[in-house]
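Q: What follows is a structure written as C-alpha cells; I'll ask about it next.
The values are calculated or read from the model by the stated rules, or taken from the named source; none is laboratory data. This structure is a prediction, so every number in the text was calculated from the model and none was measured. Every residue, glycine as well, gets a Cβ built from its backbone with ideal geometry; the counts of neighbours run over all protein chains shown.
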Amino acid sequence: MNINITFKNIEPSDHLKQYADTRFGKLAKYVNDSKEPELQVNLLVEKFRHKADVVLVADNVHLSAYEESEDMYSTIDLVLDKVESQLRRMRDKMKSRRKGGKERAARMDVINFAESGGQTIVKSDTFEPKPMSVDESAMQLNSRNCDFLVFRNAETGDINVIYRRKNGDFGLIDPGF
C-alpha cells in the first residue's frame, strides 16, 4: 500500500512520520486484494488544533476521514480508528451480500403427471448444495445411483447441475448469471 504523508504548518519529524507509517500500515490487511491502494494522509496544525485528514483509494473503495485534537499522535490514532471502522463495516457488508445471495438451500419437487393431463407434486425436499469442483461432482455422481447432482461450484460459487447422458458421459449445466 502506498502511503503519502504531507505536513502543513508543522515540522515533519522523522518520529511522527514513522509513527503514522506504522499505524496506517495496518490498513493494508483490509485492501490487500486491490492492485494499487493509495492512502493520502494530511497532517496540519492551526493554532492549538492538530488535524488529520485521510483519503483511502483502492479498486472498489473510496473512504475519507477527518479528526482533530490537541495532540498530533492522538489525532492520528482517532482518524485511524474511524477509517478502520469504515473498512470493517464495508467488508462486513460485502460478506453479508455474498453470503445472503449464495447460501440458499435448493428445493426439489417430484411431479407426477396424472393420466388426466394434470400434474401433482408427490414429494418435496430441500437441501444445502455442497461446494465442490466439477471433477469432484463427477466422481460423486459416478459413485451414486442417480441421474443428476446439484452442487455449488467451488471456483465460481454458482449453483451447477451435473447429469449423466445416455451415452454414459456427463453433462454440466452452469447458469452463469
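Q: Consider residue 45 against the criteria (1) part of a strand (DSSP E or B); (2) within 22 Å of the chain's Cα centre (by Cα): it satisfies all of them except one. Which criterion is unmet?
A: With respect to (1) part of a strand (DSSP E or B); (2) within 22 Å of the chain's Cα centre (by Cα), residue 45 is out only on (2).
Q: Then there's this: Confirm whether residue 53 is under 17 Å from residue 6 (Cα atoms) and in a helix (DSSP H, G or I).
A: Values: under 17 Å from residue 6 (Cα atoms): yes; in a helix (DSSP H, G or I): no.
Answer is no for this residue.
Q: Which condition number does residue 35 fail, the rest of (1) in contact (Cβ under 8 Å) with a residue 12 or more places away in the chain; (2) loosely packed, with under 14 Cβ neighbours inside 10 Å; (3) under 19 Å from residue 8 (Cβ atoms) being met?
A: (3)
Q: I'd like to know if region 13-27 contains one or more residues that are farther than 26 Å from residue 59 by Cα, assigned to a loop (DSSP other than H, G, I, E, B), at pLDDT 85 or above and among the acidic types (Asp, Glu).
A: no
Q: Also, quick follow-up: Would you mention how many residues in region 45-75 are more than 21 Å from residue 89 (Cα to Cα) and among the acidic types (Asp, Glu)?
A: Total satisfying the criteria: 4.
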